[in-house]
1. Taking all protein chains in place and a 1.4 Å probe, what share, in percent, of the accessible surface of segment 368-472 do carbon and sulfur account for?
2. Counting only GluC sites (Glu not before Pro) that sit in a DSSP loop (anything but H, G, I, E, B) with at most 11 other Cβ atoms within 10 Å, what is the longest stretch of the chain containing none of them?
3. With everything on Cα atoms, drop me the angle between helix 88-100 and the longest principal axis of the chain, reported from 0 to 90° to the nearest 10.
4. Could you state, as a whole-number percent, how many of the C-alpha pairs of segment 204-307 are farther apart than 15 Å?
5. Over the chain, what is the relative contact order in percent, taking alpha-carbon pairs closer than 8 angstrom and at least six residues apart?
6. Send over a whole-number figure in Å² for the accessible area per residue of the chain, probe 1.4 Å.
7. Could you order I72, I260 so the one with the most accessible surface comes first? Probe is 1.4 Å.
8. Could you tell me which of G150, S321, N37 has its Cα farthest along the dipole of the chain towards the positive end, charges placed at Cβ (Lys, Arg +1; Asp, Glu -1), taken about the Cα centre?
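The values are calculated or read from the model by the stated rules, or taken from the named source; none is laboratory data. A quick note: this is a predicted structure, and the numbers were derived from the prediction, not measured. Cβ placement follows ideal geometry from the backbone for every residue including glycine, while neighbour counts extend to all protein chains displayed. Side chains included, ligands, DNA and RNA excluded: accessible areas come from the protein's heavy atoms. Shrake-Rupley method; radii C 1.70, N 1.55, O 1.52, S 1.80 Å.
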Amino acid sequence: MNKLHRFSFVPNPASDETVYSWISRYHLMSGYDSFRNTTLALLGVHEERATNEFPCFIPSLSQMTKVAVNDIIKQMTPYHYFAPFLDAATRKSFFKCLEKGCTSNLQSSLGMVANRITPGQFLYCCCDCIAEDTDKFGFPYWHVEHQLTGVSVCSKHHQLLHPVYRVTRKVPILPEAIPEPDSRPQDDRLANLISTELSSHVSLNTDNILIAYKARLNSMGFITVCGRLRLKLLREALKDYLNKLTPGLLVCELLKKQLIKHRYPECLFYAPNASHHPIKHLIMIDYLFGSWRKFSELVNSNLAESMAPQPVHVTQPIMLSAEAITKISNGISLRKVSVDEGLSVTTLKILAHREGLDINLRPSKIFKYMERSIWLKLMVGNTTSSIADEFSISVGAVEVILRKFPDLVVLRKRIRVYKQQIRHRKALLGFLNENTNPSRGLVQKTIRASYTWLFKHDKEWLYQNLPAEIPREQRYACKSSKL
Ligand SMILES: [Zn+2]
């Protein structure tokens, strides 16, 4: 009763005002001294911060002020910023948490911790809004919209928001009327989109979000005829998009890093059921649709499903190319043609038969006297196909002999490795001869195949012959001087 009495003169919340702003104004009007020991204590907040985003004291605040819990949650917290991207069950438990005041785990359950996008230590305000609010209501206050991740400008006044550091919880902080530079058009567009999302109170059919993205990506040429996403192009496009925003927005810097690491936008497509921070969706939506309305209408319509690109299956019958026909007619071995055509020998035989081609299968049986000559050739490392050609027999017949001598297989492998070693060592030495003192990175980049082979099979020799390593300190020095 006592508590209720002390809250009896609570001011009415203003439009788009945050809970924190509301209780701060109450505190200043009450004339109490310590914010922590009086107002926050009345609300049952002792140890916790008076968190701006998801306060834990909504139930007691509702009881004391007689403002419905539902109204506080939906109008004075960023509930509608998160809700559209949550499935029905998660959305329900999100609301329950706020309603019951169990908000300690909300940041992690909404994916904010995993996404490393948590609200910072700043509150944001707009100089012109302060003037307007003071004019209209008699006081300035903190707007919900201005505090949302991704909103760096006032969508109404086209200027950057002014950050105010929250130093202490002993004193409530009020907005400071400090003008900031004008925003860029891209900042305005994103802020408008988020503002519309917040005020539209729409529930999305979350199953359709991905379908809507893919449908739009398809019409923009980001999907191949086989139904694959052109991720490289999409990453570049999103990078361009982020670069058009006013630099310095922390979340943009984070997303740019995730683009480089191929985590964004991949995460939206490959882990659709994970909790992604709304900003990851909102950036994508702004890039693809340019407006919240267009996107939400598509997601909630039956169109989304029908517009989803279907993978195109190529079911054209396999045909022999004219080139293959000529080769087979000229007696070139089926094995060779099969490599060129990318078909198996069996398929090739069937197709050649269909074309009425005469296939001169070379004998697979060999005479005893030939066997020793073939064995000798195999021992010095000649390829099976060259031996087959020389003796006018099939490659299979040569392989039969090879299989008879398991030691020969091991020996031939050694010969092969030796030949490769000579080739790759020669490539490296040749490169070092032609370039004066190249960095190890350049060697690796330019003759990658040889470098990789030597690294795997001939590491000691590689390191003996590579140019000296750049000392670690100098490496950093090089990098930072570039920056
Ligand atoms: Zn404003």
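1. 55
2. Here the longest segment lacking exposed loop sites spans 48-468.
3. Roughly 30 degrees between the two axes.
4. 62
5. 11
6. Per residue, the chain has 57 Å² of solvent-accessible surface.
7. Final ranking, largest accessible area leading: I260, I72.
8. S321
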